Every structure is written in C-alpha cells, then in structure tokens.
Amino acid sequence: MRILVIEDEPKVARFLERGLKQQSYAVDVAGDGEEGLQLAGDHPYDLIVLDVMLPGRDGFSVLRELRSARQ
C-alpha cells in the first residue's frame, strides 16, 4: 500500500512516516499543499493523510482539487 502524507510540521510528518514505514507501507511526504498535489498527480496512492491547516493552500482546497481531478 502506498501512502502520501501531506503535513507541514516536520516532527509530525516524520512521526507519521516512521510509524507507517514500520508497518511496511511505502510512504511519501509532502511539506505543503502544492507539493502534495504534484505528488498525487504523479503517483497513484491508496491513501492520503492530509493536514487541514497547510501554508499557502489549505487542506480543503487540496482535497477539492484532488477530487475534481479524479472525475
């Protein structure tokens, strides 16, 4: 299973990444909404863990764009 974590707090992102990798998941981390959208467009993910309060582009905006791109 491939997971994308979109989280701007480095400690939280590392914690999630480390825990998920210990459970044998493939994990990519994006530090902001733009990077997350880029990665989500480039790779198929089974799950996206999305922070709501991101700098620049908030999580709700990212989610709307991801949903519209999938239709």
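Here are the numbers for this structure:
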quantity	calculated
Average accessible surface area per residue within the chain, 1.4 Å rolling probe, Å²	67
Alpha carbon centroid spacing (whole Å) that separates region 1-41 from region 51-71	15
Fraction of accessible area attributable to carbon and sulfur, the chain (%, probe 1.4 Å)	52
Convex hull of Cα atoms in the chain, direction-averaged projection (nm²)	4.2
Per-residue [θ]222 nm for the chain (sum of -39500 (n - 2.57) over DSSP H runs n ≥ 4, rounded to 500)	-15000 deg cm²/dmol
Within-14-Å neighbourhood charge of residue 66 [Cβ basis; K, R +1; D, E -1]	-3
Surface accessible to a 1.4 Å probe, residue 52 within the full protein complex, Å²	70
The chain - percent relative contact order, Cα under 8 Å, separation 6 or more	37
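The values are calculated or read from the model by the stated rules, or taken from the named source; none is laboratory data. Everything numeric in this text was worked out from a predicted model, so none of it was measured. All Cβ positions, even for glycine, are placed from backbone atoms using ideal geometry, and neighbour counts span all protein chains on display. The accessibility values were calculated without ligands, DNA or RNA, using every heavy atom of the protein model including side chains. Shrake-Rupley method; radii C 1.70, N 1.55, O 1.52, S 1.80 Å.
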